[in-house]
Amino acid sequence: SRDRRGIRAKWRPWYTLQVRALAPRSGVSGVAASLTTMQIEINTDNNIKASEGLAEHVRNSVTKAVGRFGDRLTRVVVHLSDENGEKKGPLETKCVMEARPRGLQPLAVTHTADNMHMAVVGAAERLHNIVANQFGKLERH
């Protein structure tokens with residue numbers, strides 16, 4: 001993919017997490033539940049320094065935002081990039097999150113912020129809103 005300056009972005013798959021979410025079994029009422037797996041994949045460009053702390057922050061943010069939909073999502077892909085690249089100036093971090101619901105088209109959101117933490121939190125909030133809206137529409141019809 002190319003960034004806004006037309007430069008080819010070099011994405012590298014950096015971290016993949018298997019997150020188990022408690023989700024109700026279809027056709028079973030009450031407290032009976034089964035574990036389902038929602039995969040979280042984190043990709044960074046060459047300007048982002050990856051760390052276990054960053055992976056933990058992304059995992060916590062994604063799980064908090066869409067964990068309750070874990071039985072309906074197969075994967076959440078997170079792309080982190082530094083919009084300024086190697087240029088000097090303030091850090092401008094972009095976080096793109098793409099949720100992949102079972103049997104539906106992927107849902108994607110983007111959030112840009114001054115630091116990595118806020119970019120991830122902002123994208124996670126937006127992802128929660130779009131996923132909740134999508135599943136709410138499906139339940140009403």
Calculate the spin-label point distance for residue 50 paired with residue 133, positioning each point 7 Å from the Cα along the beta-carbon direction, and give it in nanometres.
-> 3.1
Show 127, 107, 138 ordered by accessible area, largest first, where the area counts protein heavy atoms only and the probe is 1.4 Å.
-> 138, 107, 127
Dimensions (Å) - segment 30-141, Cα atoms, principal axes, largest first = 55, 28, 20
With every protein chain kept in place and a 1.4 Å probe, segment 34-79 has an accessible area per residue in Å² of 43
Relative contact order [Cα under 8 Å, 6+ residues apart], segment 32-141, whole percent | 23
Excluding residues fewer than 8 positions from residue 87 in its own chain, the aspartates and glutamates with Cα under 16 Å of it are 3, 45, 114
Place the peptides 50-56, 111-117 in order of packing, highest mean first, counting for every residue the other Cβ atoms within 10 Å and averaging per peptide.
-> 111-117, 50-56
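The values are calculated or read from the model by the stated rules, or taken from the named source; none is laboratory data. Everything numeric in this text was worked out from a predicted model, so none of it was measured. Glycine gets a Cβ as well: all are built from the backbone with ideal geometry, and neighbour counts include every protein chain shown. All accessible areas refer to the heavy atoms of the entire protein, side chains included, with ligands and DNA or RNA removed. Shrake-Rupley method; radii C 1.70, N 1.55, O 1.52, S 1.80 Å.
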